[in-house]
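S.K.: Can you keep this structure in mind? I'll have questions shortly.
Bear in mind that the values in this text are calculations on the coordinates, not laboratory data. Just so you know, these numbers come straight off a predicted model, no measurement behind them. Cβ placement follows ideal geometry from the backbone for every residue including glycine, while neighbour counts extend to all protein chains displayed.
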Protein chains: 2
Amino acid sequence: MVIRLDNITKVFKQKKLKLTPQRIAVYKYLQSTTAHPSAETIYKSLQADYPTMSLATVYKALKTLVEVDLVQELNVGEGNFRYDATVASHPHICCLHCHVVGDIEGITFDGINKDVQDYTDFDVYSNQVYFYGVCSTCKEEVLKK
Amino acid sequence: MVIRLDNITKVFKQKKLKLTPQRIAVYKYLQSTTAHPSAETIYKSLQADYPTMSLATVYKALKTLVEVDLVQELNVGEGNFRYDATVASHPHICCLHCHVVGDIEGITFDGINKDVQDYTDFDVYSNQVYFYGVCSTCKEEVLKK
DNA sequence: CTGTGTGCAAAGCATTTGCAAAATA
DNA sequence: TATTTTGCAAATGCTTTGCACACAG
């Protein structure tokens, strides 16, 4: 896993946003994981290294990162948001048992926004695709019982 | 729009759930609209006819209807849930400007759960597909300015 | 009649906001 | 130095819960 900070540096400079340790920490953490953590999870994960950072700051950092399109917000239907430092559109898959959220690479929906735009009277800009099922770990657990 | 109560009657009898006026009202209302209302909207819409029904009862009725698969819960990412009496899997399209949520009929993703199941190590049961854009009404409003 | 559902108010989470102090550019 | 951002606590919004009374089966 390669952590890149050149993009956050460039974008923040261009948008005249301040590059604080807190914002960098949140962005680095999101780049280091494929777990699609919630704000709470990010907060807890960073507490060891940033003990004074507050949960409100995590929320504010995430909001800023989403606004400048360095991070995307996911809503798998659990009542909270999850975050992903991969902003390119890609489907996600959620385990109904352990609530893990994974990326699906290889299957893309490129061109489908255009199809939907032609089919409806909307201008279509983006989409979110979520699959729901049971992951391999949870399948095994069920078998053991 | 045809309102059908035979399904709720059958399912509730089979699951030994009580068929109360409140539950019927919520289900009838959802069948009468394509607006994908929130609990709050359903509550307000039913207040004229059911002035004593509480918001908590609307939530409880919705939870029950979702559990017995007569209604599906949507989460377009606005921070609340919306409800749809059409339980067959179909994509939704959301206006980023006025937040209207529409159904997309005609484009289906049948078979794709199987593709994803073969591609990942999950058993895949369902999916949710959301498109985001600007509806025709909002496009016109923007032009007027 | 029995157990489930309703209505009310209070509680519970996730997220946002206001504001003084601190830190970036 | 001038803003912007942080951290704290309080506030907000959506949803759930507990409990006494009412009602469907």
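S.K.: For the stretch A:48-65, take each phi angle, set θ = phi - 60°, evaluate the Karplus expression 6.51 cos²θ - 1.76 cosθ + 1.60, and give the result in whole Hz per residue in order, putting x for glycine and proline.
M.R.: Going residue by residue, I get 4, 7, 10, x, 8, 6, 8, 4, 4, 5, 4, 4, 5, 4, 4, 4, 4, 4 Hz, with x marking Gly and Pro.
S.K.: Sticking with the crude label model, points 7 Å out along Cα→Cβ, report the distance from A:Asp115 to B:Asp110 in nm, one decimal please.
M.R.: About 1.4 nm, to one decimal.
S.K.: Among B:Lys28, B:Lys15, B:Lys44, whose mean-square fluctuation peaks in a Gaussian network model of chain B (Cα, cutoff 10 Å)?
M.R.: Checking each option, the largest mean-square fluctuation is seen for B:Lys15.
S.K.: Here's another thing I want to ask about it. Order these by the 10 Å Cβ neighbour count, fewest first: B:Leu55, B:Leu74.
M.R.: Starting with the residue having the fewest Cβ neighbours, the order is B:Leu55, B:Leu74.
S.K.: Using +1 at the Cβ of each Lys and Arg and -1 at the Cβ of each Asp and Glu in chain A, identify which of A:Val129, A:Gly106, A:Thr52 lies farthest towards the dipole's positive end.
M.R.: It is A:Thr52, whose Cα lies furthest towards the positive end.
S.K.: Could you work out the Rg to Rh ratio of the stretch A:99-143, with Rh taken as the Kirkwood radius (inverse of the mean 1/r over all Cα pairs)?
M.R.: Computed over Cα atoms, the ratio is 1.19.
S.K.: Same structure again: Using a label point 7 angstrom from Cα along Cα-to-C-beta, what distances in nm, from shortest up, separate B:Gly79 from the other copies?
M.R.: Counterpart label points of B:Gly79 in the remaining copies fall at 1.6 nm.
S.K.: Each label point is 7 Å from the Cα along the Cα-to-Cβ direction; what then is the distance between the points at A:Lys63 and B:Gln22, in nm?
M.R.: Between A:Lys63 and B:Gln22, the label points sit 3.5 nm apart.
S.K.: If you place +1 on the Cβ of every Lys and Arg and -1 on the Cβ of every Asp and Glu, how big does the dipole about the Cα centre of the stretch B:84-145 come out, in debye to the nearest 20?
M.R.: 500
S.K.: With a 10 Å Cβ neighbour count serving as the proxy for reagent exposure, in which order, fewest first, do A:Tyr29, A:Tyr83 appear?
M.R.: The order, fewest Cβ neighbours first, is A:Tyr29, A:Tyr83.
S.K.: Could you run the Debye sum over the Cα atoms of the stretch B:11-86, one equal point scatterer each and no solvent, and tell me log10 of I(q)/I(0) at q = 0.23 Å⁻¹, two decimals?
M.R.: One equal scatterer on each Cα of the stretch B:11-86 leads to -1.07.
S.K.: How far is A:Lys60 from the same spot in each other copy, in nm, shortest first, if each label point sits 7 Å from Cα toward Cβ?
M.R.: 4.2
S.K.: When only alpha-carbon atoms count, how far does the protein assembly as shown stretch along each of its three principal axes, as whole angstroms with the largest first?
M.R.: Its Cα atoms span 64, 60, 40 Å along the three principal axes.
S.K.: For A:Cys94, A:Cys138, what ranking results if the residue with the fewest other Cβ atoms within 10 Å of its Cβ goes first?
M.R.: Working: A:Cys94 25, A:Cys138 18.
Ranking A:Cys94, A:Cys138 by Cβ neighbours within 10 Å, fewest first, gives A:Cys138, A:Cys94.
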